[in-house]
Structure formats: structure tokens, C-alpha cells
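The next block holds one structure in the form of C-alpha cells; read it before the comments.
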Amino acid sequence: MDAQLKRGFIEACVLVAVCDQESYGYQIIRDVPGVLGLTESTLYPVLKRLEAAGHVSSRSAEHNGRLRKYYRITDSGRARLAQVAAERAEVEQVYDYIGRVCHD
């Protein structure tokens with residue numbers, strides 16, 4: 001998968017992973033589709049970008065004697081997800097076009 005396309009999908013999937021309830025790094029990696037190949041080294045920069053953009057907020061809490069950072073989507077993040085969903089039809093049109101050209 002193209003790196004730029006993958007980056008956009010990863011950001012959207014991370015937002016979905018924290019949409020219904022707050023979550024933490026390891027759980028987010030487990031929740032995101034494996035095809036994206038999300039690892040800690042790719043997840044944490046994404047979370048930092050999303051937090052800097054105001055799409056997620058975070059809090060630290062102790063868990064089993066260690067600090068764990070929990071992330072939750074913000075209203076801005078929900079708006080970003082709505083934008084991604086709205087763009088789906090446009091993306092599908094592009095894939096449909098590519099599929100027609102390659103199979104004719």
C-alpha cells in the first residue's frame with residue numbers, strides 16, 4: 001500500500017479506535033486492522049500529530065504500577081472522521097476507475 005495513502009488510513013483508524021471509549025497504545029494497535037502494519041514506532045507519532053491537531057486528548061493514569069497514557073477522541077476528531085467518511089464515495093470512484101482501466 002502506498003505510504004501516503006496508508007498514513008491517512010492509519011490516522012482515521014486510530015480515531016475510530018478511540019471513538020467509543022478511551023484507549024491506550026497497545027490496545028489501539030490490536031484494534032486497528034492488521035493490514036496497516038501498525039507498530040508502536042508508527043502509532044506514537046500519529047497520536048502526537050492527532051493530539052497536536054486537537055483530534056484526540058490524553059490523560060495519564062497508573063495501571064499495574066506503571067503510568068499508561070489513555071487517548072480519547074475530541075469533537076474535532078469526530079469532525080475529521082465525518083470528513084473521511086464523506087470522502088469515501090470519491091475514493092471509491094477513483095478505485096472503480098482504476099479497476100476498469102486495468103481490467104479492460
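Tabulated results
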item: Residue among Y71, V84, S60 farthest towards the positive dipole end of the stretch 59-98, charges placed on Cβ; result: S60
item: Within a Gaussian network of the chain (alpha carbon springs, distance under 10 Å), most fluctuating of G54, G77, G37; result: G37
item: Rounded accessible area per residue of the stretch 1-94, 1.4 Å, Å²; result: 66 Å²
item: Net charge of Cβ neighbours under 15 Å - reference P33; Lys, Arg +1; Asp, Glu -1; result: +1
item: Relative contact order, percent, the stretch 1-55 [alpha-carbon distance under 8 Å, six or more residues apart]; result: 36 percent
item: Relative pair counts by distance (%), Cα atoms of the chain, 5 Å bins; result: 2, 12, 20, 22, 18, 11, 7, 4, 2, 1, 1, 0, 0
item: For a label point 7 Å along the Cα-to-beta-carbon line of R68, residues of the stretch 13-45 with backbone N under 11 Å; result: 23-28
item: Solvent-accessible area, 1.4 Å probe, carbon plus sulfur percent, for the stretch 1-68; result: 50 percent
item: Relative contact order computed over the chain (Cα-Cα under 8 Å; 6+ residues apart), in percent; result: 26 percent
item: Stokes-Einstein D for the stretch 60-104, Kirkwood Rh over Cα pairs, 4 °C, 1.567 mPa s (µm²/s); result: 92 µm²/s
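The values are calculated or read from the model by the stated rules, or taken from the named source; none is laboratory data. Fair warning: this is a prediction, and the values are worked out from it, not measured in the lab. FYI the Cβ positions are ideal-geometry reconstructions off the backbone, even for glycines, and counts take in every protein chain you see. Each accessible area value is taken on the protein alone, full model and side chains, heavy atoms only, with ligands, DNA and RNA left out. Shrake-Rupley method; radii C 1.70, N 1.55, O 1.52, S 1.80 Å.
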